[in-house]
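Before any comments, here is the structure.
Readers should treat all values here as calculations from the given coordinates under stated rules, not as data from a laboratory. These numbers were taken from a predicted model, which means no experiment stands behind them. When we count neighbours, we look across all protein chains shown, and the Cβ atoms used for this are built from the backbone with ideal geometry, even at glycine.
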Amino acid sequence: MERRTGGSHLWLGLWIALGLNLPVAVAQEPANLTQVIDEAIRAAGGAEKLNRLGAQSWQARMKIHEGPEVRTVEAKYAVQWPDKLRSDLVGAYTLIRNGDKGWLQQGKTVMDLSVDQLLFLKEDMHVNWLRTLVPLRNKGMRYQTVPPIEVDDRATIGVRVSSPGHRDVVFFFDKETHDVVKTETRSRVLGEEGELANIESFYSGFEKVAGTRVPTRVRIVRDGELFMEIEIRDIQRTEKLDPALFAPPASN
């Protein structure tokens, strides 16, 4: 197997809600916003259970809108929070991150991920980890109210979360169910250059998995235009996954 180091301009599929890079005046966290997050944690299964189930795997069917064209791809994902990821885009590539190392495999070719690519994945995974909710109560987090909006005709409460060393993330919680129904972000596809795009991610179809609530449908809007529709299935939440999933691809 050929092994080489280099960048990649492959489309890698937005599979997570990414970070929002907005200027924020850091303020003391209001008690009501702390309560909003605590209610969301309870509704999602409770802090003890969410902390214990630190790994997740799932399959996804993604409809990607590229102007008038729509293409459908299948993918498999495995995550061990906070720093292990495996993404298999069927028939295309395998992407692995394990801490400060990572690899991209296409056929018999394996490329080590560059420092910039690893930093990109680190930020993306951090924001997706925050969406598991319990990390929102970690020491050092700061909250700020954002104007309320309606998501799918339902009232929400908006909270901007500031995490030291990372982009800010805006969460919209359903006012009644306390589910995270939307995040607002700025990001780009891995390998893409230029200005960050405005990303809005909408979550729906919540189901119970291992006693926790998880979305099964995600709609992503990029710079005001529909970019991706994701159907999630075969979701598994566990304490740990097989370490072999995050090992470097084997040479043939």
Out of residues 5 or more away from Leu113 or on other chains, whose amide H comes under 5 Å of its own, with H placed 1.01 Å from N in the peptide plane?
Gly102, Trp103, Leu104
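For segment 104-152, which trypsin sites (Lys or Arg not before Pro) are both in a DSSP coil and crowded by at most 14 other Cβ atoms within 10 Å?
On the way: sites: Lys108, Lys122, Arg131, Arg137, Lys139, Arg142; in loops: Lys108, Arg131, Lys139.
Filter output for segment 104-152: Lys108, Lys139.
Kindly provide the GluC sites (Glu not before Pro) of segment 144-252 that DSSP labels as loop, not H, G, I, E or B, and whose Cβ sees at most 14 other Cβ atoms within 10 Å. Walk me through the intermediate numbers first.
Working: sites: Glu150, Glu176, Glu184, Glu192, Glu193, Glu195, Glu200, Glu207, Glu225, Glu229, Glu231, Glu239; in loops: Glu176, Glu192, Glu193, Glu195, Glu239.
Sites meeting the loop and neighbour criteria: Glu176, Glu192, Glu193, Glu195, Glu239.
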Cα-based shape type of segment 23-162, given that a ≥ b ≥ c are square roots of the gyration tensor eigenvalues and the cut on a/c is 1.5:
prolate
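Loop-only check: which trypsin sites (Lys or Arg not before Pro) in segment 160-252 are DSSP coil with at most 10 other Cβ within 10 angstrom?
Numbers: sites: Arg160, Arg167, Lys175, Lys182, Arg186, Arg188, Lys208, Arg213, Arg217, Arg219, Arg222, Arg233, Arg237, Lys240; in loops: Arg167, Lys175, Arg188, Lys240.
Sparse-neighbourhood loop trypsin sites (Lys or Arg not before Pro): Lys240.
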